[in-house]
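One structure is given below, encoded as structure tokens.
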Amino acid sequence: MEMVSALAQGFAVAITPTNLILALFGCFAGTLIGALPGLGPVNGVAILIPLAFSLGLEPTSALIMLSCIYYGCMYGGRISSIMLNIPGDEPAIMTTLDGYPMAKAGRASEALAISAVASFVGATFGTIGLTLFAPLLAKAAIYFGPADYFALYVMAFATIGGVTSVNPFKTLLAAFLGLMIATVGLDPATGTARYTLGSFHLYDGFDPIVAIVGLFAISEVLVYLERVHEGGARMVPLGRAMPRLKDMMAGGWANLRGSVVGFICGILPGAGASLGAFMSYIFEKRWSARDGRFGSGDPRGIAAPEAGNNAASGGALIPMLTLGIPGSGTTAVMLALLISLNVQPGPLLFARQPDMVWGLIAALYLANIALLFMNIPMIGLFTRMLSLPQWILMPFVVMVSFLGVYSISHSSFDLFVMVGFGVMGYVLRMLGIALVPVVLGLLLGADMENNLRRALSISTGDFQILVSSPIALTLYAVTAAMLALAFVLSLRPPKNDAAVTD
Amino acid sequence: MRNLSKLLGAAVVWTSLSFAGATAAECIAPADPGGGWDFTCRTIGKMLFDQKLVDAPIQVTNMPGGVGAVAYAKVMSSRADDADLIVATSTVGVTQIAQGKYPADTSVMRWLAMLGSDVGVILVPKDSELKSLDDLIGVLKKDPSALAVAGSTAAGGWDHIRLLMLAQAAGMSGDAYKQIRWVQFDGGGPAVTQMIGGQVQVVSTDLGEIAGFVESGDVRILAALSDERVPAFPDSPTAKEQGLDVTGYNWRGFYTGGGVSDDAYGAWVDRLQKLYDTDDWKKTAQENGLVPVWRGGAEFDAYVKDQAEKMNAISREIGVVK
């Protein structure tokens with residue numbers, strides 16, 4: 001009861017005409033920033049923090065606007081994944097797998113509608129979880145040790161082979177390529193430089209967002225150039241401009257399953273939205289394996305990862321607010337924002353500055369509703385993007401990619417890295433190797449290694465520590481069960497042709 | 001209508017560009033948003049504007065890479081004479097310089113000032129059997145690998161070196177204290193939560209980031225590595241009081257390019273000193289676990305160079321630098 005009144009107080013703080021206008025602006029700007037490749041929530045919020053200050057906004061108003069931008073980016077990231085096969089930000093990579101095939105088949109508006117609904121369900125689930133359980137769930141972060149994180153990443157890598165419907169060996173090869181790329185940089189445990197060729201620019205390794213923009217956007221342009229040379233690219237059939245209500249709900253229960261999996265990943269600091277989207281997709285694919293058409297435009301393949309990454313974004317706010325630990329780049333920016341507003345996240349935040357926290361939570365609910373109502377009408381606008389001639393769209397993609405990457409680090413070195421990844425992406429595509437597992441290897445590989453190193457530092461090199469905690473053992477058991485299930489399913493005759501892989 | 005989304009996209013990009021290109025002074029935080037250097041830039045940048053010491057809000061640029069080495073190289077090579085640029089740094093940056101991990105030594109920059117300092121602390125969980133520094137040293141002397149100690153830096157970083165300085169002062173030999181188990185986490189917050197969860201037994205890190213955990217009573221300060229007791233926690237003893245003459249400050253300050261004129265350099269030192277003299281700064285510093293300490297201009301320049309030399313000596317002694 002106390003919580004309800006606290007939340008009501010939060011809404012009272014959040015709902016004023018000025019705040020509502022700022023919330024709408026934040027949602028709109030956030031969606032666009034998220035949709036543009038390279039520009040993500042990290043630089044989106046970082047860029048707009050000075051704007052909030054120069055407008056002289058009240059701290060609560062600034063917080064509301066910027067948290068709307070944060071949630072807006074999470075909604076927006078999916079748009080270019082679906083329309084262009086270019087993820088707008090890291091968590092949106094999984095949405096390319098089924099979203100783009102669906103758009104290519106002329107069902108772009110359906111894909112956008114399914115993902116908008118999934119984003120809404122996931123984000124609402126995450127926000128409700130944050131409201132009800134924040135102090136309780138903060139404990140999860142405390143009892144999850146390095147060995148347990150390692151087991152979680154083992155689970156992710158063990159299931160990575162099933163992520164695409166092409167040859168699983170090529171998928172594994174791609175994941176290992178990503179792992180290798182992740183080893184470049186300063187070794188966090190000892191500070192030793194690895195594969196940096198003596199360049200300070202490589203000390204921090206390759207930024208995943210630069211790799212993603214290169215691998216997907218630049219290679220897309222290269223593939224397009226080749227097609228033009230060979231005689232014209234095929235126009236994508238447009239399909240209907242606005243989705244029907246039935247199409248919106250096509251995600252069905254996958255929305256909720258994805259939300260649960262994503263939320264669990266979100267509350268673990270360091271795991272975050274990318275892992276949430278990935279695990280939701282893998283889980284959904286296993287769950288619906290018998291009649292699935294995953295990889296060729298299954299609605300559940302869009303709904304699950306979108307619900308997952310949005311639920312994870314809500315979940316990731318829990319360790320950030322209650323422990324002051326940013327789990328990802330985006331929550332790190334939110335942390336910076338709170339600190340610059342003189343809000344000190346940590347164990348005492350809920351007791352000391354309840355107005356601010358409940359105002360923020362209320363703003364997240366508002367942002368969610370605003371985003372859903374804003375995104376459905378915008379579908380018509382975005383589907384028309386596909387009717388643009390490619391010779392306009394592709395140069396625009398190149399321009400946005402360069403600007404986006406440069407705005408992250410202000411470094412021309414990263415532009416070369418991006419182009420290098422673009423060429424690599426082109427070669428991999430020509431070899432029929434999927435790009436998504438490369439990025440997953442890169443995103444998850446570094447964390448997996450760090451946690452292994454931490455576990456072994458604690459045990460002075462004794463590998464037994466990896467199997468000595470109940471959490472880790474449970475995770476290994478689930479992994480084994482998932483692999484066994486995949487094996488059993490592969491022995492049974494497939495129900496339809498689409499389930500046959502390679 | 002069909003070009004609307006593109007136009008808006010261009011507008012967003014344009015906004016970001018015009019911010020980056022504004023003529024206001026710029027503060028480079030050589031790290032991702034959310035960290036200590038980012039905090040230094042954002043807080044002090046905002047206060048300089050609030051106090052009307054600069055005409056326009058200070059633009060904060062995040063330039064992560066190489067624990068500050070990328071920003072150092074950038075300023076050295078292309079912005080050495082940019083009078084509108086300041087760069088946040090701290091003891092962590094100087095440690096890297098002292099260990100030869102930056103592209104150049106301290107002489108290529110002009111060191112402006114430090115305005116405050118974070119204090120290194122040795123922490124244990126609230127129900128730990130270790131009640132004093134003596135208890136800790138006693139256990140480590142008996143068996144150096146008996147305890148797993150965590151911090152926010154790699155082995156050989158400032159959090160680790162401070163711990164080893166204590167061991168050294170207590171009379172442990174290099175061969176013994178090399179065996180102390182060191183676990184790196186991505187910040188003091190994760191290190192402390194992992195300690196509360198029982199993964200490690202002791203944490204050596206800065207107080208500022210984790211002060212909330214001390215206030216809430218989840219962890220205890222075994223020793224503060226400062227000359228005097230930390231004002232926010234008057235009940236927590238220093239290492240000096242417990243007989244080990246070790247301090248481990250992590251000061252926050254700024255440098256600017258080596259080619260900046262004496263006038264521009266002096267103007268920055270002056271602005272920062274005026275800010276330091278306000279009550280607002282002292283209040284903000286204390287709220288964030290910093291002790292307000294001023295060293296500016298030539299005095300600070302000499303202090304940084306001296307600190308780098310001392311750290312280099314310590315690093316050699318404990319075998320971090322060959």
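A few remarks follow.
- Dipole of chain A computed with +1 at Lys/Arg Cβ and -1 at Asp/Glu Cβ about the Cα centre; of A:Thr331, A:Ser115, A:Val184, farthest Cα towards the positive end is A:Ser115.
- Mean per-residue shielding of peptide A:315-324 is 3, counting Cβ atoms of other chains within 10 Å of each Cβ.
- Of the DSSP H helices in chain B, those whose Cα atoms cover at least 20 Å axially and whose Kyte score averages -1.0 or more: B:4-20, B:36-50, B:262-277, B:297-317
- Only helices enter this figure: runs of n ≥ 4 DSSP H residues, each worth -39500 (n - 2.57), summed and divided by the residues of chain B, yield -13000 deg cm²/dmol at 222 nm to the nearest 500.
- Potential lengthening between A:Ile369 and A:Thr474 on full extension [0.36 nm per residue; Cα-Cα distance subtracted]: 34.1 nm
- Residues in region A:450-480 that a label on B:Asp143 would reach, taking backbone N under 14 Å of a point 7 Å out along Cα→Cβ: A:459-460
- Selection from A:Met418, A:Val163, A:Thr60 lying farthest towards where the dipole of chain A points positive, charges on Cβ: A:Val163
- Coarse-grained scattering of region B:94-178 at q = 0.22, 0.24, 0.25 Å⁻¹, given as base-10 log I(q)/I(0) from a Debye sum over alpha-carbon atoms: -1.16, -1.30, -1.37
- Averaged over peptide B:95-104, the number of partner chain Cβ atoms lying within 10 Å of each residue's Cβ comes to 1.
- Cα extents for region A:397-456 along the principal axes, largest to smallest and rounded to whole angstrom: 44, 33, 15.
- Ligands, DNA and RNA aside, A:Ser109 has an accessible area near 0 Å² when probed at 1.4 Å.
- In region B:104-228, Rg over Rh equals 1.00, where Rg is the alpha-carbon radius of gyration and Rh the Kirkwood radius from pairwise Cα distances.
- Spin-label pair A:Ile128/A:Leu431, simplified geometry with 7 Å Cα→Cβ offset, distance in nm: 4.6 nm
- Förster-model FRET efficiency, 30 Å R0, A:Phe25 and A:Asp355, C-beta, rounded to 0.05: 0.85
- Here's the picture: charge each Lys and Arg Cβ at +1 and each Asp and Glu Cβ at -1 in chain A, and of A:Met394, A:Ala105, A:Ile264 the one pushed furthest to the positive end of that dipole is A:Ala105.
- The mean number of partner chain beta-carbon atoms within 10 angstrom of a residue's beta-carbon across peptide B:236-243 is 0.
- Scoring B:128-137, A:360-369, A:206-215 by mean Cβ neighbours within 10 Å over their residues and listing the highest first yields A:206-215, A:360-369, B:128-137.
- Take the Cα of A:Val223, step 7 Å toward its Cβ, do the same at B:Val321, and the gap between the two points is 5.0 nm.
- Counting only Cα atoms, the protein assembly as shown measures 76, 59, 59 Å along its principal axes, largest extent leading.
- Our analysis of region A:1-132 gives Rg over Rh at 1.04, with the two radii drawn from alpha carbon positions and Rh computed by the Kirkwood formula.
- When the Cα convex hull of chain B is projected onto planes of every orientation, the mean area is 19.0 nm².
- Principal semi-axes in Å for region A:334-417 [√(5λ), Cα gyration tensor, largest first]: 37, 24, 6
- The label point for A:Leu485 and the one for A:Trp253, both projected 7 Å from the Cα toward the Cβ, are 1.2 nm apart.
The values are calculated or read from the model by the stated rules, or taken from the named source; none is laboratory data. Since the structure is predicted, the reported quantities are computational estimates derived from the model, not experimental observations. Every residue, glycine as well, gets a Cβ built from its backbone with ideal geometry; the counts of neighbours run over all protein chains shown. Side chains are part of the model used for accessible areas, which takes the heavy atoms of the whole protein and leaves out ligands, DNA and RNA. Shrake-Rupley method; radii C 1.70, N 1.55, O 1.52, S 1.80 Å.
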